[in-house]
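**Q** Submitted below is the structure of interest, expressed as structure tokens.
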Amino acid sequence: MSANHDEGTPVTRANKSTPLLLISLDGYRSNYFYRYQPTLKSMADNGVKARYMMASYPTITFPNHYSIVTGLYPASHGIVANTFYDPDFNETFAMNMEVKDGKWWGGEPIWHTLTRQVGSWP
């Protein structure tokens, strides 16, 4: 994440933004990380990393990624598979569709929280 900087404002430690990069390695064995990926290892060693994580069930890409950004389990945020049929809506959700209808999205993703608290998102 980054913020716009006014050229007339001096950059100090107090007002300098630090970018945030979230990397998710889907289906990647944890022991491969240090053995085969020196660049990722260097990034983790010089940044912040999660020492332990527990996948939510089902262990499927989109439900887990949405759990990461909301802090909720799939049963609470509603995204239970990459593609699924919801009998209450009589509709199908698919992660490859542009879905802007809020009925599918339970919880508040981190970028909405940032916008609400700070007032902007890149």
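Since every read-out is calculated from the coordinates, none of them should be taken as a lab result. Here the structure is a predicted model, which is why all the values come from computation and not from measurement. Ideal geometry is used to build each Cβ from the backbone, glycine not excepted, and the neighbour counts take in all protein chains shown.
**Q** Under 1.5 on a/c is rounded, so check that first for segment 30-118, then, if it is not, pick prolate when a/b is larger than b/c and oblate when it is not; a ≥ b ≥ c are the square roots of the alpha carbon gyration tensor eigenvalues.
**A** Since a/c reaches 1.5 and a/b is larger than b/c, the shape of segment 30-118 is classed as prolate.
**Q** Taking segment 23-59, which chymotrypsin sites (Phe, Trp or Tyr not before Pro) meet the DSSP loop condition and have no more than 10 other C-beta atoms within 10 Å?
**A** Working: sites: Y28, Y32, F33, Y34, Y36, Y52; in loops: Y28, Y52.
Taking segment 23-59 and a limit of 10 other Cβ atoms within 10 Å, the loop chymotrypsin sites (Phe, Trp or Tyr not before Pro) found are Y52.
**Q** Gain in length, D26 to Q117, computed as 0.36 nm per residue apart minus the alpha-carbon separation, to one decimal in nm?
**A** Gain on extension, D26 to Q117, equals 29.8 nm.
**Q** What FRET efficiency do you get for K103 and T59 if R0 is 25 Å and r is their Cβ-Cβ distance, rounded to the nearest 0.05?
**A** 0.50
**Q** Another question about this same structure. What residues qualify as long-range amide H neighbours of I79, i.e. H under 5 Å apart, gap of 5 or more or another chain, H built at 1.01 Å from N?
**A** Amide H to amide H, under 5 Å and 5 or more residues apart or across chains, I79 pairs with G106.
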